[in-house]
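Report on one structure; see the data block that follows.
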Amino acid sequence: MSLEVLEAKKRLMLKNKFGFNEAFNYKEEPDLHAALKRYFPEGIDIYFENVGGKMLDAVLLNMRAHGRIAVCGMISQYNLENPEGVHNLMTLVGKQVRMEGFMVFEYYHLYPKFLELVLPHIKEGKITYVEDVAEGLESAPAALIGLFTGRNVGKQVVVVARE
Ligand SMILES: NC(=O)c1ccc[n+]([C@@H]2O[C@H](COP(=O)([O-])OP(=O)(O)OC[C@H]3O[C@@H](n4cnc5c(N)ncnc54)[C@H](OP(=O)(O)O)[C@@H]3O)[C@@H](O)[C@H]2O)c1
C-alpha cells in the first residue's frame, strides 16, 4: 500500500471509527498554524502533546485562555542531533496556559482502576481501538522504524508468541 493511501486511510479512520469531529494530516499542511485556525476557529482548550517541534509551536499560538497541555511525548524531536527550539512559549504566560509532563510508570498503581473503567466501555463498543500487528520478534526492528515513517495504522504491537 502506498504511503498516500495509508495516510488517507488513517484520516478516515479517525473520523469514522473513532468519532473525531475533524482530522487533518500534518504532512499535507504547509502552514500548521493556519490549519489549526481552520479546524479550531475558537481555539484549543486541551491539547494532548505527543509530537513537539513545529506542531507544539503552532498549537501554542492557538490555545485558549486557561487551556491545558498534557505532555506525553515529543516524537518529532527524538534522535535529532539538534532538537528544534520552541518559539511560542510566551503564550503560557499571556493566556495563562498550564503545560505539564507525565510518565506512565508514575501511575501504574491506578492500572486496575483504569481497567475497571475502560473494559466495560470496550465491551459495549463505546471505546474502540485498532492494532497494527507485526508477527514474530524478527519483525520488531522494522515495526519500530515504521513508527517514525508513518507505516503503522493503529497501535503497533509485536506478537512474540501466541499462547
Ligand atoms: N509519557 C509516557 O509515559 C509515555 C509512554 C509511552 C509513549 N509515550 C509517547 O507517546 C507518543 C506516542 O507513542 P506510541 O508508542 O503510542 O507511538 P504511536 O502513536 O503508535 O506511533 C507514533 C506515531 O508518531 C507519529 N510521528 C512520527 N514522527 C512524527 C513527526 N515528526 N511529527 C508528527 N508525528 C510523528 C507517526 O504518525 P504518522 O503516521 O501520522 O506520521 C506515528 O504513527 C510518543 O511521543 C511517545 O514518546 C509517552
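The values are calculated or read from the model by the stated rules, or taken from the named source; none is laboratory data. Nothing here was measured: the structure is a model prediction, and the numbers come from that model. Because the Cβ atoms are built from the backbone with ideal geometry, glycine has one as well, and the counts that use them run over all protein chains shown.
On the given criteria, is V51 modelled with pLDDT of 95 or more, of a type in the set (V, I, T) and on the phi < 0 side of the Ramachandran plot? Yes; evaluated as a whole, the condition is true for this residue. Against the test of being modelled with pLDDT of 95 or more, in contact with a Phe, Trp or Tyr (Cβ under 9 Å, 6 or more places away or on another chain) and not acidic (D, E), the options Y78, Y107, Y111 yield a single qualifying residue, Y107. Counting the residues of the range 70-81 that are aromatic (F, W, Y) and buried (at least 18 other Cβ atoms within 10 Å of the Cβ) gives 0. The helices (runs of 4 or more DSSP H) found entirely in the range 50-163 that carry 2 or more residues being within 20 Å of the chain's Cα centre (by Cα) and more than 8 Å from the ligand (Cβ to nearest atom) are 53-62, 111-123, 140-147. Taking the range 143-163 as the range and being surrounded by fewer than 11 Cβ atoms within 10 Å (Cβ to Cβ) and among the small types (G, A, S) as the test, only A161 passes. Among the residues of the range 35-49, the one identified as among the aromatic types (F, W, Y) and within 12 Å of the ligand (Cβ to nearest atom) is F48. The set of residues in the range 3-41 being surrounded by 12 or more Cβ atoms within 10 Å (Cβ to Cβ), among the charged types (D, E, K, R), within 19 Å of D57 (Cβ to Cβ) and without any contact (Cβ under 8 Å) to a residue 24 or more places away in the chain consists of E29, R38.
Going through (1) modelled with pLDDT of 95 or more; (2) touching a Lys or Arg at 6+ places or on another chain (Cβ under 9 Å); (3) surrounded by 15 or more Cβ atoms within 10 Å (Cβ to Cβ) one by one, E100 falls short only on (3).
Residues that are closer than 15 Å to E84 by Cα and surrounded by fewer than 18 Cβ atoms within 10 Å (Cβ to Cβ) within the range 52-69 comprise G53, K54, listed in sequence order.
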